[in-house]
Amino acid sequence: MNHDERHDRFMERLERGEKIEATDWMPDEYRRLLLKLIHMHAVSEIMGAFPEKEWVPKAPTLKRKLAIMAKVQDEMGHGQLLLRVAEDLAAPLGKTREDLIDDLIEGRVKFHNVFHMGSPTWADAGVIGWLVDGAAIINQAALLDTSYGPYARVLKRICAEESFHMQHGENIILALAGGTKEQKRMLQEAVNRWWEPLIFFFGPVEVTPAAQRMIDYKIRTKTNEELRQQFFNKYIPRIRSLGLTIPDPDLRCDEKEGKWIFTEPDWKKFGEIVRFNRGPKSQERIGLRRFAHEEQRWVREALVRSREKQPV
Amino acid sequence: MIMETADQAAQNPGCRRALAELLYQLADDELCLGHRDSEWLGLAPDIEGDVAFSSIAQDEVGHAVFYLGLLHELGEESPDRLAFFRKAEERKNAVLLEQPNGDWARTMVRHVLYDAFDDVRTEALVNSSYRPLARGVAKIRREEHYHLLQLKPWFIRLARAGGEARKRVERAVGEVWSEAGGFFSLGDEEEEMIRSGLIACGSEELARRWEMRVKPVFDEAGLTWPGLPPAPGKDGRRGEHTEDLTELIRTMSEVVVTDSAARW
């Protein structure tokens, strides 16, 4: 079978709705698009642990302390599951797990814009759980239909856990929203900080050529804008019902078109934050990951050595 | 005398005082260590280790919540008040557990030494005359069993790997040994704890049993046994602590003290 025939067969499988498995033949382009997506997803989970990690030692009750510890652990666990999916895809390209983490430290793989931003108050820990995870669930639930089987299976588990996170976040938010004047102010300020990054999180309105290829390959099935609108539909009423203001005076629902009109975020600013790791917290958090990965290489090397020494 | 409820324990003031003392030691040990463990979140040497160690951190804090709950039943303040608002000199944890983690080797060494101690201590509590404690401890021992199952091989493999890892483990043993003796103290109420049957043995016996657990691990790791640790400079069980604990409490309560009457 020549390459074109193989490619045609592959596309026919996708048309029939079949799932592609790790050991199946796949076009190079498909592999590279998937790897880029899943690699970014994996490192975003790992980097996503840091903004909340800052609040683990300071969580204001024992119940919250336990909940936020469990949540940060889940994020790391998701990173681990996704890295394993990415490892299999990367193996034929000659890349290992260590390389995938090196890429993060060297700035060769991007992670979600939201995790470049600061989380200066306890309310930020709540808003991350509530709105950032809420946005992530919408993104991830839309990927459950993805044509790549191993990714779909991992996403199923991730989505189930993320919905717990959202409840955890919502719980923190409800306490603050029903609390003192100072707590309400802290919460409103956090919402103000996170709104624009959240709009950016879903990506550009227009469908880029790479995004179109992912749709062609049924890696993803919905556009950025469809997902952003879904987020608006779900969260705008909820945010308002808590007496919070959304920091976009032009935000309105166009009844005729059936969609939300919003002020576009500063695409250039956030684009550069993600591309060049130039956000307020980018370097500090990459530094933490570098500490974990490089300063502690001696532990991983020791464990490998001791395994070799053990009689098999 | 078997005590089924907090009310029964409260009938004898001496016994109640000893019971509260014991519970504070248990709660404060677990809370300090769980808090320190959680500082590794996102920073452990590999992602798998990060996830595994986080479960241990959550278990420790969970155990602290249990012991603080028993204290509340005895009429002490709520678990949250006790965890976040007591001053350093009111706390009864061993001083070693309030110290910062240091590197991964030091974290492992301290944890293995503590887990072995907690194993010995909880073993001496499974038949405690205070039944709510005995029952809870039986469950906690099942979880702690998994901690040792996980941490002991990490400790042994680091030590046996030679090179930098071994040097770090040896250095960590040297560093923690001077304070490890603080585990065994039962504070001022030791005699009453034993007389009331709250705990099966005193601090000397705890230390002896601990040595029987830990020495074989050192042998397996190819480490020289330094002998039983000396009595510590500061006895945490008597409220003697370092600046490290003050700092830990300040961090832990940073949010809640901004408005201690608010609901968080």
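Bear in mind these aren't lab numbers, they're just calculated from the coordinates by the rules spelled out. Please read all numbers here as calculations on a predicted model, not as lab measurements. Methodologically, a virtual Cβ is constructed for each residue, glycine included, from the backbone with ideal geometry; neighbour enumeration extends over all protein chains shown.
Some notes on this structure:
- Acute angle (nearest 10 degrees) that the helix B:47-73 long axis makes with the longest principal axis of chain B, alpha-carbon atoms: 20
- Residues of the stretch A:163-178 with amide N under 18 Å of a point placed 7 Å along Cα→Cβ from B:ARG263: A:167-178
- Remark: for residue pairs A:LYS19/A:LYS95; A:LYS63/B:LYS215; A:LYS95/B:LYS167; A:LYS110/A:LYS218; A:LYS63/A:LYS110, the C-alpha separation exceeds 30 Å in A:LYS63/B:LYS215; A:LYS95/B:LYS167; A:LYS63/A:LYS110.
- Listed peptides A:196-202, A:102-108, B:173-179 appear in the order A:196-202, B:173-179, A:102-108 once ranked by packing, highest mean of other Cβ atoms within 10 Å at the front.
- Based on Cα contacts under 8 Å between residues 6+ apart, chain A shows a relative contact order of 21 percent.
- Highest mean packing comes first when the peptides A:252-260, B:164-172 are listed by Cβ atoms within 10 Å, giving B:164-172, A:252-260.
- Counting only DSSP H runs of at least 4 residues, each contributing -39500 (n - 2.57), and dividing by the residue count of chain A, the helix-based mean residue ellipticity at 222 nm comes to -21000 deg cm²/dmol.
- Straightening the chain between A:PHE164 and A:ASP145 buys 4.7 nm, computed as 0.36 nm per residue apart minus the Cα-Cα spacing.
- Tensor-based shape of chain A (alpha-carbon gyration tensor, a/c under 1.5 rounded, otherwise prolate or oblate): oblate
- The order of the peptides A:34-44, A:211-221, B:184-194 by mean Cβ neighbours within 10 Å, most packed first, is A:34-44, B:184-194, A:211-221.
- For residues of A:160-168, the mean tally of beta carbons on other chains within 10 Å: 0
- For the protein assembly as shown, the fraction of C-alpha pairs farther apart than 46 angstrom is 24 percent.
- When only Cα pairs below 8 angstrom with a gap of at least 6 residues are kept, chain B shows a relative contact order of 25 percent.
- Shielding by other protein chains, B:163-172, mean Cβ within 10 Å: 2
- Counting Cβ atoms of other protein chains within 10 Å of each Cβ in A:117-127 and taking the mean gives 1.
- Nitroxide proxy distance, nm - points 7 Å out along Cα→Cβ at A:GLU225 and A:ARG238: 2.5
- In order through the stretch A:206-217: 3J(HN,Hα) via Karplus (6.51 cos²θ - 1.76 cosθ + 1.60), integer Hz, x for Gly, Pro: 6, 8, 6, x, 5, 5, 5, 5, 5, 6, 4, 8
- Angle of helix B:13-38 to the longest C-alpha principal axis of chain B, folded into 0 to 90 degrees and rounded to 10: 40°.
- Axis angle, to the nearest 10 degrees, between helix B:104-123 and the longest C-alpha principal axis of chain B: 40 degrees.
- Two-site FRET efficiency, A:GLU257 against A:LEU14, from Cβ-Cβ distance with R₀ of 25 Å, rounded to 0.05: 0.20
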